[in-house]
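Student: Right, I'll just put the structure down here and ask away after.
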There are 2 protein chains.
Amino acid sequence: MKRDIDRLLAERNLNAAVVRGSTLDSPTVRYLTDGHKLEGVIILLRPGRPGVLIHNPMERDDAALTGMETALSTRWDLRSIANELHGDMLAAQAEQMRRILADYGVAGRVGFYGHGEIGQAHALLSKLEQTLTDVDVVVEFKDDLFTTARITKDEGEIAAMRDVAERANAVVAALAAMLSSRPVANGAKGSKAYLLAPDGQPLTVRYVKQFIHEQCVQQGLEQPGGNIFALGADAGVPHNQGNPDDRLELGKAIIFDFFPRPVGGGYFHDMTRTWCLGYAPKEVERAYQDTMSVFKLVMETLEVGNRTSAYQSITCKYYESLNYPTILTAPGTQVGYVHGLAHGLGLEIHEAPSFYAYEGNMAVVERGSVFTVEPGLYFPDKGYGVRIEDVVYCDEAGAFHSLTPFPKDLVLPVRK
Amino acid sequence: MKRDIDRLLAERNLNAAVVRGSTLDSPTVRYLTDGHKLEGVIILLRPGRPGVLIHNPMERDDAALTGMETALSTRWDLRSIANELHGDMLAAQAEQMRRILADYGVAGRVGFYGHGEIGQAHALLSKLEQTLTDVDVVVEFKDDLFTTARITKDEGEIAAMRDVAERANAVVAALAAMLSSRPVANGAKGSKAYLLAPDGQPLTVRYVKQFIHEQCVQQGLEQPGGNIFALGADAGVPHNQGNPDDRLELGKAIIFDFFPRPVGGGYFHDMTRTWCLGYAPKEVERAYQDTMSVFKLVMETLEVGNRTSAYQSITCKYYESLNYPTILTAPGTQVGYVHGLAHGLGLEIHEAPSFYAYEGNMAVVERGSVFTVEPGLYFPDKGYGVRIEDVVYCDEAGAFHSLTPFPKDLVLPVRK
């Protein structure tokens, strides 16, 4: 969490960290500025001192709201420097950085972070390496300072994550209630019964997506990554978002994966339910119960300090004991258990820690962390997939809490 | 535009371009994949051949929708490579890249593009420079291949930009109509009259923002960067988004800057109107007319092939002839004309070309380009600011068209 940043700087032997980017692009900039809208800022963090936010004068009101120490970027005016350097913008950006660090008396090891075009980043950091005489440019490839800080959430962050969880669960509840309330039409001979929309036409995935969108608006949520509402064979491909033209037929597996955040940005929720309308085919029922067993096994064995990758291994081994293929023994399989068990959640849908099992994944389960648990099985050729996903919070006492209370019944009742 | 990519590769003497990132993060990835949701892809472009999209198997259905040649990332499975390399993920990513390029027979000069964490990008590209023996790693700091390609829009892109323009203008029209329809309450002695909301309370900026949000939902628009609806002194700070508690008083300058895109991503519109409810104070009126004069002057003098920076200079000189301070003669001024005249518009709100005046800005006005024109004047201490902004399209014949038809009347009539 934010209060760990000084410790994390010290562990890395850094005299300062520089973060570049915009709140819209960079989760780290958003993290440090509490989400106030800022474009192209430079943030300077030094141990034991307030962070400095260097910003465009046009954004001085938003900058002031962050509570950080602020400075106008025009003090080191980029275009004036570019004019001094005959229009060489790369040299000008490097020179601007040099002047800022010099003016703040920063020397020695300095870490560089933030989000941007990768080619530009490489060009600028290479230039800084070549030209800064008092500063050692440090970059981190994995488990970097801010990725690490963001794994654990403070009280304010947990409150925000509980709030978005509540709103997300309300949307899912409203959708389930709507589906259960719709009339059912018998299919033509040999085809399945299906739900009807208010206009008397078959209720489609398009209708469902519009309903979810309207519920999100009511709850003040947005869905930057869309959502997954995938039926039958589509549910057998984990990230298939669903076919808008599909009608909602009874007895078909539906995967609904919902990952909204508050309008304007903030912390995400991420939950999945698998539903069969009216009844569940035996095979789907079995895969679902096996996945529920994995889900419970993981929830019961979660423990602070254990390697995250251990839970991926446990999941694979449990599924394999039931004769399902998994990516542990069949890397690249598209059938059976084909993805990671879990991922950290926060200002990004996928953030640290990773739960994948590979050599070098040293992540452990931490107090204060928030992550998903989401086992699933996929059989696109057999026309179904199942997945169950809750968000889990590990409190400071090391106890685990699901933030996703919506029930996990496979069968969603329909009107008789 | 996309059909220029082969020429742009050849101009840079590149045998291939590699683009890394996710559709959500990277406008270039979104550009090349037509917006289908994909996470952590690698795209390989070679002159005269279809682009190759290397993607996670979980996203194979979305990948297929792009129409690109596709390959599963598990063919070069990162975690398996990491296991071979004792968990060194940086070495594994570099090795994965090496294998991909080798398998596609790519050698010589290869450009690297995309969006990501800047430290990771620098670490990976430095590692590639050190380890790839057959490949020269090329990066571009400015005017890079995709920035350049994206300046000009093809027919499909123009259609999308006309569509979002129409929807954005409809929202602005609905807002203006709503404001004009509200009852007016007299202020207490010595204070201004103000609009009333349906609940009989003063109509506030909060109410306006909710109204805009609801109109956006109806039009299928989203506002990832929010919007600016700033009154009085707040309008004097260009990026101040407005104070939710402010009541809408008559005769106060309002800057409404609206920059939505279709829900789920796509091309932006970006327009600004300045309004005074009921009547305009003389001083605001004068600043507004002077800004209208600049706007018209720029629109009338736009010409293909001229430097974009020339129009920033023209704007500054015109304003200075009327005794307003500008950033040309007073860099860093917060009073008068304080920002750039214009910016390219597309999948990002601010993209190339830049219209800023500095040595090294070689951008020229191009056929097929879309950009804003947005002069403005700011007097926070006097309690007002004004700005006018349209989106302008330069067609293939070199004619300029505003895509922002909403009227530019300063005074918005109110109910008698």
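The values are calculated or read from the model by the stated rules, or taken from the named source; none is laboratory data. Fair warning: this is a prediction, and the values are worked out from it, not measured in the lab. Reconstructed Cβ throughout: ideal geometry from the backbone, glycine too, with neighbour counts over all protein chains shown.
Student: Looking at B:A165, B:A82, B:A92, can you tell me which residue is touching a Leu at 6+ places or on another chain (Cβ under 9 Å), within 14 Å of chain A (Cβ to nearest Cβ) and small (G, A, S)?
Tutor: On inspection, the qualifying residue turns out to be B:A92.
Student: If I ask for residues that are more than 8 Å from chain A (Cβ to nearest Cβ) and crowded, with 20+ Cβ neighbours inside 10 Å, which ones from region B:349-362 would you list?
Tutor: The answer is B:A352, B:P353, B:S354, B:F355.
Student: Continuing with this model, one more query. What residue, of A:T301, A:T274, A:T308, A:T291, is of a type in the set (S, T, Y), surrounded by fewer than 16 Cβ atoms within 10 Å (Cβ to Cβ) and in the same structural domain as A:A159 (by TED's automatic domain parsing)?
Tutor: A:T301
Student: What is the number of the single condition among (1) in contact (Cβ under 8 Å) with a residue 40 or more places away in the chain; (2) of a type in the set (S, T, N, Q); (3) under 23 Å from A:K37 (Cα atoms) that B:T333 does not meet?
Tutor: (1)
Student: Here's a follow-up. Quick check: is even one residue across region B:188-195 of a type in the set (K, R) and part of a strand (DSSP E or B)?
Tutor: No, region B:188-195 contains no residue that is of a type in the set (K, R) and part of a strand (DSSP E or B).
Student: What are the residues in region B:377-390 that are crowded, with 22+ Cβ neighbours inside 10 Å and either in contact with a helix residue (DSSP H, G or I) (Cβ under 6 Å, 6 or more places away or on another chain) or outside the structural domain of B:A342 (by TED's automatic domain parsing) (or both), if any?
Tutor: Hits for region B:377-390 are B:L377, B:Y378, B:Y384, B:G385, B:V386, B:I388.
Student: Please go through (1) polar (S, T, N, Q); (2) out of contact with any strand residue (DSSP E or B) (no Cβ under 7 Å at 6 or more places or on another chain); (3) over 30 Å from A:I5 (Cα atoms) for A:Q130 and return the number of the only condition it doesn't satisfy.
Tutor: The number of the failed condition is (3).
Student: Can you pull out every residue in region B:125-139 that is closer than 25 Å to B:T70 by Cα, more than 7 Å from chain A (Cβ to nearest Cβ) and not in a strand (DSSP E or B)?
Tutor: B:L128, B:L132, B:D134
Student: Say whether the condition of being touching a Phe, Trp or Tyr at 6+ places or on another chain (Cβ under 9 Å), more than 26 Å from B:G35 (Cβ to Cβ) and assigned by TED's automatic domain parsing to the domain that holds B:K37 is met by at least one residue in region B:63-78.
Tutor: no
Student: For B:G105, all conditions in the list (1) within 8 Å of another protein chain (Cβ to nearest Cβ); (2) out of contact with any strand residue (DSSP E or B) (no Cβ under 9 Å at 6 or more places or on another chain) hold save one; what is the number of the exception?
Tutor: (1)
One line per residue, one yes/no per condition, for (1) in contact with a strand residue (DSSP E or B) (Cβ under 8 Å, 6 or more places away or on another chain); (2) away from every other protein chain (no Cβ under 14 Å):
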residue: A:L175; (1), (2): yes, yes
residue: A:A188; (1), (2): no, yes
residue: A:L196; (1), (2): yes, yes
residue: A:V208; (1), (2): yes, yes
residue: A:Q219; (1), (2): no, no
residue: A:G226; (1), (2): no, no
residue: A:F229; (1), (2): yes, no
residue: A:A233; (1), (2): yes, no
residue: A:D246; (1), (2): yes, no
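Student: State all residues of region B:326-348 that are surrounded by 18 or more Cβ atoms within 10 Å (Cβ to Cβ) and within 14 Å of chain A (Cβ to nearest Cβ); if no residue qualifies, say none.
Tutor: The answer is B:T326, B:I327, B:Q334, B:G336, B:Y337, B:V338, B:H339, B:G340, B:L341, B:H343, B:L347, B:E348.
Student: Name the residue, out of B:L32, B:L45, B:L38, B:L65, that is touching a residue at least 12 places away in the same chain (Cβ under 8 Å) and surrounded by fewer than 22 Cβ atoms within 10 Å (Cβ to Cβ).
Tutor: B:L65
Student: Please go through (1) more than 21 Å from the chain's Cα centre (by Cα); (2) under 29 Å from B:D395 (Cβ atoms); (3) of a type in the set (S, T, Y) for B:T70 and return the number of the only condition it doesn't satisfy.
Tutor: Looking at each condition in turn, B:T70 falls short on (2).
Student: A:R99 - would you say it is within 35 Å of the chain's Cα centre (by Cα), surrounded by fewer than 19 Cβ atoms within 10 Å (Cβ to Cβ) and touching a residue at least 12 places away in the same chain (Cβ under 8 Å)?
Tutor: no
Student: Can you pull out the residues in region A:255-268 that are more than 13 Å from chain B (Cβ to nearest Cβ) and under 24 Å from A:Q289 (Cα atoms)?
Tutor: Passing the criteria: A:F256, A:F258.
Student: Say whether the condition of being assigned to a helix (DSSP H, G or I), at pLDDT 95 or above, of a type outside the set (K, R) and surrounded by fewer than 18 Cβ atoms within 10 Å (Cβ to Cβ) is met by at least one residue in region B:140-147.
Tutor: No, region B:140-147 has no match at all.
Student: Step by step: first the residues of region A:203-227, then only those that are small (G, A, S) and within 18 Å of B:G35 (Cβ to Cβ), then the one that is surrounded by the fewest Cβ atoms within 10 Å (Cβ to Cβ). Which residue is that?
Tutor: So, considering only residues that are small (G, A, S) and within 18 Å of B:G35 (Cβ to Cβ), the one surrounded by the fewest Cβ atoms within 10 Å (Cβ to Cβ) is A:G226.
Student: Could you go through region A:228-240 and let me know if any residue there is polar (S, T, N, Q), assigned by TED's automatic domain parsing to the domain that holds A:S369 and surrounded by 22 or more Cβ atoms within 10 Å (Cβ to Cβ).
Tutor: Yes: one or more hits.
Student: Let me ask something additional. Considering only region A:92-109, I want to know if a residue exists there that is closer than 21 Å to A:R3 by Cβ and assigned by TED's automatic domain parsing to the domain that holds A:A10.
Tutor: Scanning region A:92-109 turns up no residue that is closer than 21 Å to A:R3 by Cβ and assigned by TED's automatic domain parsing to the domain that holds A:A10.
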